[in-house]
Structure formats: structure tokens, C-alpha cells
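Quick notes on the structure that follows.
The values are calculated or read from the model by the stated rules, or taken from the named source; none is laboratory data. Source: prediction; values computed, not measured. No Cβ is skipped: glycine too gets one built from the backbone with ideal geometry, and neighbour counts run over all protein chains shown.
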Amino acid sequence: MNEFKKEYKNLKKSINSENTNLISFLILGILLGRLVEKYKNIKKRIIKK
């Protein structure tokens with residue numbers, strides 16, 4: 001558990017204002033990718049019926 005706390009503190013220190021923008025874009029990209037994937041699956045289900 002102590003290693004986790006140390007790594008978390010290191011991660012918080014390494015994230016600066018430039019990296020926060022990249023992280024937010026990464027999370028946004030993941031969410032958009034999941035939405036597109038769900039849309040394609042729903043579209044396939046409708047076409048099969």
C-alpha cells in the first residue's frame with residue numbers, strides 16, 4: 001500500500017498544466033470511442049432484425 005501512495009504522489013507531482021490538457025483530451029477520446037462503438041453495435045442489432 002505504501003508503494004501505491006508513493007507512486008500516486010509522484011504522478012501528482014509530474015502532472016503540470018501542459019499535461020492536464022493532454023490527459024483531458026485522452027479521456028475525452030476514450031469516451032467518444034466508446035460512444036461510437038455503442039452506436040455501431042446498436043446499428044448492427046437494428047439491421048439484423
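Can you report the number of residues in the chain which are not in a helix (DSSP H, G or I) and not hydrophobic (A, V, I, L, M, F, W, C)?
2
A quick yes/no check of all residues on (1) on the phi > 0 side of the Ramachandran plot; (2) among the charged types (D, E, K, R); (3) surrounded by 10 or more Cβ atoms within 10 Å (Cβ to Cβ); (4) at pLDDT below 80:
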{"position": "3", "(1), (2), (3), (4)": "no, yes, no, no"}
{"position": "7", "(1), (2), (3), (4)": "no, yes, yes, no"}
{"position": "14", "(1), (2), (3), (4)": "no, no, no, yes"}
{"position": "17", "(1), (2), (3), (4)": "no, no, no, yes"}
{"position": "20", "(1), (2), (3), (4)": "no, no, yes, yes"}
{"position": "28", "(1), (2), (3), (4)": "no, no, yes, no"}
{"position": "38", "(1), (2), (3), (4)": "no, yes, yes, no"}
{"position": "45", "(1), (2), (3), (4)": "no, yes, no, no"}
{"position": "48", "(1), (2), (3), (4)": "no, yes, no, yes"}
